[in-house]
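What follows is a set of notes on a single structure, which appears directly below.
The values are calculated or read from the model by the stated rules, or taken from the named source; none is laboratory data. As the structure is a computational prediction, the values presented were derived from the model and not from experiment. Here the Cβ positions follow ideal geometry from the backbone for every residue, glycine too, while neighbour counts run over all protein chains shown. The protein model used for the area step is the full one, side chains on, heavy atoms only, and it has no ligands, DNA or RNA in it. Shrake-Rupley method; radii C 1.70, N 1.55, O 1.52, S 1.80 Å.
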Amino acid sequence: MMAGLVSCGGGGGYKLLDFPAADLSEFPKDDEGWITLFDGETLKGWRGYDREDVPPAWVVDDSSIHIKGSGEGEAGAKDGGDLLFAHKFKNYEFEFEWKVAKGSNSGVLYMIQEVEGEPSYISAPEYQVLDNENHPDARLGVDGNRQSASLYDMIPAKPQNANALGEWNKGKILSYKGTIIHYQNDEPVVEYHLWTKQWTDMLQASKFSEKDWPLAFELLNNCGGENKEGFIGFQDHGDDVWFRNIRIKIMD
């Protein structure tokens, strides 16, 4: 069942959606505290952003989660849309592997708040997933801040150490009390701090500025909302992308 919470801020009113949460006790946990979020066979615990079911474009393919590209751009197909794990997380290490088809674009979004009628990235920072060699976004932005593992449109991943097209890459996002670190292929490549002047200044210099997109600025500047937590999800940008070995260690 769906419920809504109306919240008002400087950008006006908006509704946060509330769907049933996945029960983490039903997912395998190893001796080091890592919880497996994808069993390689089913999409148990996953659903579409702003919906209770899994969009048909997301399938299990050779022990990975595969978004079947529509060729219609970001969430352009009626059977697509972003995919998220149905549980909010706060302090954690989140690990995954990813690979892309030629010219493909996607992302891992975190601290997602489900805002009715708005895209997932209006409230969520993005770990970019991209074919750096063939997608034009890699040459846009500033200093490579739209290449893989970057904080999209804000901080470039350095060193840029993505593997060649078609090869698997290891990704990790560490989120702990506002400190965020992106890893790519076992190297830390981005670090920043939420809820700081640095964070606000970065937003103001990006496509999410208060002037250009006031609701996005409001939500992102208060990333994670009142409880400083949110969903983790994968972006449908209309392209073929695969994710596997998805797990999380909670650090609360």
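In the range 140-150, is there at least one residue being open to solvent by less than 20 Å² (accessible area, probe 1.4 Å), of a type in the set (A, V, I, L, M) and within 17 Å of the chain's Cα centre (by Cα)? Let's see the steps before the verdict.
Here is the first cut: in the range 140-150, the ones open to solvent by less than 20 Å² (accessible area, probe 1.4 Å) are 144-145, 148-150.
Subsequent filtering for residues that are of a type in the set (A, V, I, L, M) retains 149.
Checking which are within 17 Å of the chain's Cα centre (by Cα) leaves us with 149.
Within the range 140-150, one or more residues are open to solvent by less than 20 Å² (accessible area, probe 1.4 Å), of a type in the set (A, V, I, L, M) and within 17 Å of the chain's Cα centre (by Cα).
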Residue set ASN227, ASN245; condition touching a residue at least 12 places away in the same chain (Cβ under 8 Å), assigned to a loop (DSSP other than H, G, I, E, B) and open to solvent by 30 Å² or more (accessible area, probe 1.4 Å); output residue ASN227
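Which members of the range 163-205 meet the condition of being of a type outside the set (A, V, I, L, M), part of a loop (DSSP other than H, G, I, E, B), over 20 Å from ASN132 (Cα atoms) and open to solvent by 10 Å² or more (accessible area, probe 1.4 Å)? Step through it out loud before you land on a result.
So in the range 163-205, the residues of a type outside the set (A, V, I, L, M) come out as 163, 166-172, 175-179, 182-188, 191-193, 195-201, 204.
If we keep only those that are part of a loop (DSSP other than H, G, I, E, B) too, we end up with 163, 166-168, 177-178, 185-186, 195-196.
Then keep just the ones that are over 20 Å from ASN132 (Cα atoms); that gives 177-178, 195-196.
LYS177, TRP195, THR196, listed by residue number.
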What's the number of the only condition in (1) among the β-branched types (Val, Ile, Thr); (2) without any contact (Cβ under 8 Å) to a residue 60 or more places away in the chain; (3) in contact with a helix residue (DSSP H, G or I) (Cβ under 8 Å, 6 or more places away or on another chain) that VAL115 fails to meet? (2)
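One line per residue, one yes/no per condition, for (1) farther than 19 Å from TRP242 by Cβ; (2) modelled with pLDDT under 95:
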| position | (1), (2) |
| --- | --- |
| PRO28 | yes, no |
| PHE38 | no, no |
| LYS44 | no, no |
| VAL54 | no, no |
| ALA75 | no, yes |
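Give the residue that is nearest to ARG247 (Cα to Cα), with candidates limited to residues of the range 63-73 that are open to solvent by 50 Å² or more (accessible area, probe 1.4 Å) and either modelled with pLDDT under 95 or not in a loop (DSSP other than H, G, I, E, B) (or both). Give the derivation first.
In the first step, residues of the range 63-73 are kept if they are open to solvent by 50 Å² or more (accessible area, probe 1.4 Å); the result is 63, 68, 71-72.
When the remaining residues are screened for being either modelled with pLDDT under 95 or not in a loop (DSSP other than H, G, I, E, B) (or both), the result is 68, 71-72.
Values: LYS68: 22, GLY71: 29, GLU72: 30 Å.
In this case the residue turns out to be LYS68.
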